[in-house]
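Please read the structure below before turning to the comments.
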Amino acid sequence: MVDTAFSDFPLVRRAALASDTVARFGALTLESVPAAIVQVLGKPGDAAPTVPVGFDLRSTGPGQWFAVGAADQALPAFETGVYGVDQSHGRVLIRLHGAPVRSVLAKGTALDLHPDQFAIGAAATTLIGHISVNLCRTGEDVFELLVLRGFAESLWHELETMSAEFN
């Protein structure tokens, strides 16, 4: 789609990563997943808000979360005192799954991802190399990374490089 309403220069909108981008490295799969992403803001010390049906809530800091759902989900409404800001256009969801997932992620982050320390549903904002991501464990050998759109290609390349030995 080209938009010239506000400029003499055409604006071409495109996804940061193709939504059907998938890379396989033996038992490890790396994929770009279309998602509805809402940054949820409360106050430091607030308890996590009620999660709307179809969304998972991921902590990003005191009084802050990401609500993540399928791309076709309607954006959620939250209770009074909690505000949501649509980030679907500004962030990309990358999912890694398979037996070697912890070994791959250990190359890029200092988080302890052992199942006893990082349970299913746990989330943390961390660095993968030099790129800030929100990392969430969503299954036994499944992790999802939320990254700013402008860093998605770089992160994808880093993850491919870190996964190459498992091919």
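List of remarks:
- Just so you know, in the stretch 68-87 the residues that are within 18 Å of the chain's Cα centre (by Cα) and of a type in the set (S, T, N, Q) include one that is surrounded by the most Cβ atoms within 10 Å (Cβ to Cβ), and it is GLN87.
- Condition check for ALA124: without any contact (Cβ under 8 Å) to a residue 12 or more places away in the chain and among the hydrophobic types (A, V, I, L, M, F, W, C): no
- Within the option set GLY139, GLY121, being within 21 Å of VAL38 (Cβ to Cβ) and either of a type in the set (Gly, Ala, Ser) or more than 15 Å from the chain's Cα centre (by Cα) (or both) holds for one residue only, GLY121.
- Residue in the stretch 142-165 that is of a type in the set (S, T, N, Q), surrounded by fewer than 18 Cβ atoms within 10 Å (Cβ to Cβ), more than 16 Å from the chain's Cα centre (by Cα) and under 19 Å from LEU17 (Cβ atoms) present: yes
- Selection from the stretch 125-143 of residues that are assigned to a strand (DSSP E or B) and farther than 14 Å from GLN87 by Cβ: THR126, LEU127, ILE128, ILE131, LEU135, CYS136, ARG137, THR138, GLY139, VAL142, PHE143
- Restricting the first member to the stretch 12-29 and to residues that are part of a strand (DSSP E or B) and modelled with pLDDT under 85, and the second to residues that are surrounded by fewer than 14 Cβ atoms within 10 Å (Cβ to Cβ) and not acidic (Asp, Glu), the beta-carbon pairs closer than 9 Å and six or more apart or on different chains are VAL12/MET1; VAL12/VAL2.
- For the stretch 119-141, a tally of residues being farther than 15 Å from LEU30 by Cα, touching a strand residue (DSSP E or B) at 6+ places or on another chain (Cβ under 6 Å) and either polar (S, T, N, Q) or surrounded by 19 or more Cβ atoms within 10 Å (Cβ to Cβ) (or both) returns 5.
- Residue selected from the stretch 46-62 under the condition in a strand (DSSP E or B) and without any contact (Cβ under 8 Å) to a residue 60 or more places away in the chain, by the criterion nearest to THR125 (Cα to Cα): LEU57
- Residues of the stretch 18-48 that are in contact with a helix residue (DSSP H, G or I) (Cβ under 8 Å, 6 or more places away or on another chain), among the small types (Gly, Ala, Ser) and farther than 15 Å from LEU155 by Cβ: GLY26, ALA27.
- Selection from the stretch 63-108 of residues that are farther than 22 Å from PRO52 by Cα and of a type in the set (S, T, N, Q): SER103
- Selection from the stretch 88-114 of residues that are in contact (Cβ under 8 Å) with a residue 24 or more places away in the chain, farther than 15 Å from VAL147 by Cα and loosely packed, with under 14 Cβ neighbours inside 10 Å: ALA99
The values are calculated or read from the model by the stated rules, or taken from the named source; none is laboratory data. If you're wondering where the values come from, they're calculated on a predicted model, not measured in any experiment. Methodologically, a virtual Cβ is constructed for each residue, glycine included, from the backbone with ideal geometry; neighbour enumeration extends over all protein chains shown.
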